[in-house]
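Take a look at the structure below.
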Amino acid sequence: MSESRYSLIFRGDLVPGFTAADVRANLARLFKAGPETVEKLFSGRPLAIKKNLSETQARQMLAALEKAGAQASLKAEGQPEAASATSRVAPGAGAAQEPQPRSAAPSARQGSLSIAPMEGNLVRDSERQRSEEVAVETGHLSLKPQQGNLVEEGEHRRAPATRVSVPDWQLK
């Protein structure tokens, strides 16, 4: 009986506590790759980083990715996606841990959801709508403490007096 072979799958998920920028830098060092190559790993689609690994090699690579802040999974090769075995290794977990069967719904997998705050931006800079900066004149504003009237005496607008015509009825 031959040993099972595994593929290492990465979708761009981060280990809670790591920022996207840190993980990108760590993966660039780990794979000795440029920023363009590492950016392709964060597409959101499952991507096989390494294929045809023994279980030991796969678990070592998985642990290295976890240490770098990247959350990856293992897929047994030669099996359809729904029937493949996947596993997430917790930091410090031993290699003797058995792969967990993958459920039909991705959100039902243990450890696939996190309430950790999202680090980085959801929208790429190239996808952002650009708008021109607006210059607002603020020279007339002051931060003096509130005392009495907030409007200075010279700032009051006084309407000119209204002329009223009064008839001279010559009453005596």
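The values are calculated or read from the model by the stated rules, or taken from the named source; none is laboratory data. What you see is a predicted model; the values in this text were computed from it and never measured. For neighbour counting, all protein chains shown are included, and Cβ atoms are generated from backbone atoms with ideal geometry for every residue, glycine included.
Which of the residues belonging to segment 61-80 are of a type in the set (Lys, Arg) and either part of a loop (DSSP other than H, G, I, E, B) or surrounded by fewer than 17 Cβ atoms within 10 Å (Cβ to Cβ) (or both)?
67
Given (1) modelled with pLDDT of 85 or more; (2) closer than 17 Å to residue 9 by Cβ, where does residue 134 come up short, assuming only one miss?
Evaluating residue 134 over (1) modelled with pLDDT of 85 or more; (2) closer than 17 Å to residue 9 by Cβ leaves (2) as the failure.
So residue 78 passes all but one of these: (1) at negative phi; (2) modelled with pLDDT under 85. Which condition number does it fail?
Here residue 78 meets the rest and fails (1).
When only residues in segment 19-60 that are in contact (Cβ under 8 Å) with a residue 40 or more places away in the chain and of a type in the set (Lys, Arg) count, which is surrounded by the fewest Cβ atoms within 10 Å (Cβ to Cβ)?
Looking at the filtered set, the residue picked out is 51.
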